[in-house]
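Where a number appears in this text, it was derived from the coordinates with a stated rule and is not lab data. Just so it is clear, the structure is predicted and the values come from calculations on it, not from any experiment. Here the Cβ positions follow ideal geometry from the backbone for every residue, glycine too, while neighbour counts run over all protein chains shown.
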Amino acid sequence: MAGFHEEQDLGQVYDAKLIVRLLGYARPHARALAGCVVLLMAFAGLALLQPYLIKTAIDEIMTPAALADAAGKAALGAKLWPLAALYAVTVVIGAVIEYAQGVWLQSTGQAIVARIRQDVFDHLQTLSLSFFDANPVGRLVTRVTNDVEALNEMYTSVLVNLFKDVFYIGGAMIIMFSMNWRLAAVSCVAIPLVAAAAAFFQKLSRAAWREVRLKIARLNATLSENFSGMRVVQIFAREAKQSAEFRAINDDHFRASMHQLRVYAVFRPLLELLSTAALVGVIWYGGHQVLAGVIGFGTLYAFTSYNRNLYEPINAVAEKYNILQSALASAERIFQLLATPSAVQDKPAPAVPEARVEVRVAGEPMPSTPAIEFRDVWFAYAEEHWVLKGVSFRVTPGQTVAFVGATGAGKSTIMSLVARYYDVQKGQVLVDGVDVRDWPQAALRRRVGTVMQDVFLFAGDVAGNVSLSDPAISREAVERAAVLVGADAFIRRLPNGYDEPVVERGMTLSAGQRQLISFARALAYDPAILVLDEATASIDSETEAALQQAMKTVAADRTTLIVAHRLSTIQDADCIFVMHKGEIREHGRHSELLAQRGLYQRLWQLQFEGTGPLTEAHQ
Ligand SMILES: Nc1ncnc2c1ncn2[C@@H]1O[C@H](COP(=O)(O)OP(=O)(O)OP(=O)(O)O)[C@@H](O)[C@H]1O
Ligand SMILES: [Mg+2]
């Protein structure tokens, strides 16, 4: 599967389809958004009204004639206060509207992106493990947080505020041109310049912005890797080295941010300069017009006021275009992720009847088809690097079989193919005589309980980690499973017993305790097939001996696959498969294999005559 990378520059991202899809997410909130548009337009209307009120006060009330006349002056106060009151009302209403639309708009935007975030998360869960092999966690986290947040910006500041800005610009133009078209023309002279400058700088800043995002993604990936690998970092005293590496990435981020800042630092004053030039023109030309008696002083005031506020929305529109672009880039990455199909998928009509999974009743005779069968399986994680080369074997229901062999021989790989965590390239894997690709995944994974080599515990409590918070698994079932694997004793010794909190990855428990919990987890589901990959590697010999005794009962009516390095633990297996470089080299019972004097016998000797571990290099 192709890797899915944050760092990719997706280039030109404008795409009507993307916008349509983004609007699709906004549709359930169409009313709220329309309401916000109306509120914002009302707000812009009030902002347009305010200079006009002052103009009216100057031109209609404080006329030279009224000022010259003493009686007129007295009447002015009475005429002015309704205007002043109206002005105050527009300010108060404006403030209320601003508050209401701010809250409404932000909550709508958050609701939309929460939905997208959920969709991304839900989709990620359906993806097969090969996807997660190719995509580092830090990047995926960035995807679910930063990219989704960029969309929020789009919904809140672009979708709705754009209307306000355009409305304000249009309204101001209409008012200015209807007051005095010549002066309006002077006012607008710098608009094309500002628009051109804004467009140019937005382009620069977009590039700068994208650079900053790339650095953030890298920063996040590095952080998550370093924190999860903190033990290794400290064990090998790599702090200085890691710190230097981080400093390089951090510096990169700093430089990118500074570059972005510089672009803005130039643009802001330039915009100010251009709009002030227009203002100077208005004062110069308008002043002459006032002196010539063509327009009132109030009109000049209104013009200077509109002029000041005209250039801000023009810049804002350009800025919004920029936000839109980056949101589309994020949207493209998100939708690309949502469109990534799982490499492992259920068939439209899976062949295995669900009922077949449920019919197994204790004591009932086992069906005669093999529980597990590999037919000439070839498998590679990455193209053509064969990890399994023509593996074939059968396991009869109820049998316990073991896989042994050197590190990297492919044992864990076989285990993950049984419950179809990956699809094979050639050959077939059959469970209960049915190709795993024909099984519904959910049913298959209920059928096959797996204890993996890498134990993972979730944040929560001990009981929750056994039942995985599945309501179908009662507390009794949890405790029964724990007793069976011998975990009950240590769990009860914990201060809160089964309710003892477990931190992320379960680091407060010992490795053996974690293994026992994950063992209990697999048994709690009462699976018909049990896959144990080094399930007892970290458990002390005494506990293991007890566990093995228990396993005899557990395995009695179950098919069990065991991977073990300690050969002493699998001597009683019905069949032992000896893996070497992706192939099964030998198979048979313990005594038969010893008699063959082959690989198995050498492994046995190495373990019991103390010659260190066996690696590929030995063979
Ligand atoms: N997720 C993965 N992506 C790519 N290659 C992998 C992956 N997992 C394992 N491999 C490769 O597949 C080969 C077999 O790995 P596997 O985990 O099956 O070995 P193993 O027999 O279980 O070894 P061990 O005894 O150390 O657990 C190894 O060469 C390994 O590098
Ligand atoms: Mg393994």
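Some values worked out for this structure:
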{"item": "Förster-model FRET efficiency, 25 Å R0, Trp378 and Asp574, C-beta, rounded to 0.05", "result": "0.45"}
{"item": "Loop sites in the stretch 7-116: chymotrypsin sites (Phe, Trp or Tyr not before Pro), DSSP, at most 12 other Cβ within 10 Å", "result": "Tyr14"}
{"item": "log₁₀ of I(q)/I(0) at q = 0.05, 0.07 Å⁻¹ - the chain, Debye sum with one point per alpha carbon", "result": "-0.41, -0.66"}
{"item": "Alpha carbon convex hull of the stretch 2-338, volume per residue in cubic angstrom", "result": "167 Å³"}
{"item": "Amide H contacts under 5 Å for Val531, placed H, 5+ residues apart", "result": "Gly449, Thr450, Val451, Leu561"}
{"item": "Distant-in-sequence amide H partners of Ser392 (H built 1.01 Å from N, under 5 Å)", "result": "Asp376, Val377, Ile584"}
{"item": "Chymotrypsin sites (Phe, Trp or Tyr not before Pro) lying in DSSP loop within the stretch 431-492, provided at most 14 other Cβ fall within 10 Å", "result": "Phe456, Phe458"}
{"item": "Cα principal axis extents for the stretch 460-619, largest first, Å", "result": "51, 32, 27"}
{"item": "Rounded FRET efficiency, nearest 0.05, which uses the C-beta distance separating Leu270 from Ala74 and R0 of 56 Å", "result": "0.70"}
{"item": "Nearest-20 debye value, the stretch 175-269 charge dipole, Cβ charges on Lys, Arg, Asp, Glu", "result": "160 debye"}
{"item": "Part-to-part distance (alpha-carbon centres) for the stretch 489-517 and the stretch 52-122, which is given in Å", "result": "62 Å"}
{"item": "Positive-end extreme of charge dipole, the stretch 372-618 - chosen from Leu561, Ala442, Ile576 (charges on Cβ)", "result": "Ile576"}
{"item": "Efficiency of FRET from Cβ geometry, Ala42 and Val294, R₀ 25 Å, rounded to 0.05", "result": "0.15"}
{"item": "Chain lengthening between Arg602 and Arg27 when straightened (0.36 nm per residue, less Cα-Cα)", "result": "200.2 nm"}
{"item": "Whole-Hz couplings from phi, Karplus 6.51/-1.76/1.60, listed for the stretch 486-503; x for Gly and Pro", "result": "x, 8, 4, 4, 6, 5, 5, 6, 5, x, 10, x, 5, 9, 4, x, 10, 7"}
{"item": "Leading residue at positive end of dipole, the chain (Cβ point charges), from Phe236, His288, Ala482", "result": "His288"}
{"item": "Amide N proximity, the stretch 563-580 versus Thr396 label position 7 Å along Cα-to-Cβ, cut-off under 14 Å", "result": "574-576"}
{"item": "Normalised contact order of the stretch 372-618, rounded percent, pairs of Cα under 8 Å and 6 or more residues apart", "result": "26 percent"}
{"item": "C-alpha long axis of helix 599-608 to longest principal axis of the chain, angle in °", "result": "90 degrees"}
{"item": "Size of electric dipole in the stretch 2-338: Cβ of Lys, Arg +1 and of Asp, Glu -1, about Cα centre, debye, nearest 20", "result": "20 debye"}
{"item": "Within the chain, helix-based [θ] at 222 nm, where runs of 4 or more DSSP H residues each add -39,500 (n - 2.57), nearest 500", "result": "-20000 deg cm²/dmol"}
{"item": "Crossing angle, helix 511-524 versus the chain [Cα axis fit, 0-90 degrees, rounded to tens]", "result": "90 degrees"}
{"item": "Unit Cα scatterers, Debye sum, the stretch 126-279: log10 I(q)/I(0) for q = 0.10, 0.11, 0.17, 0.18 Å⁻¹", "result": "-0.61, -0.68, -1.12, -1.19"}
{"item": "Principal axis box of the stretch 61-187, alpha-carbon based, largest edge first, Å", "result": "89, 33, 18"}
{"item": "The stretch 432-505: radius of gyration over Cα atoms, expressed as a fraction of 2.2 N^0.38 Å", "result": "1.31"}
{"item": "Neighbour cut-off at most 13 other Cβ (10 Å), DSSP loop, chymotrypsin sites (Phe, Trp or Tyr not before Pro), the stretch 166-237", "result": "Phe236"}
{"item": "Of all DSSP beta bridges in the chain, antiparallel share, percent nearest 5", "result": "55 percent"}
{"item": "Helix 297-339 axis, angle to the chain major axis (alpha carbon atoms, nearest 10°)", "result": "10 degrees"}
{"item": "Amide H within-cut-off set for Ile372, under 5 Å, with H built and near neighbours excluded", "result": "Val395, Asp432"}
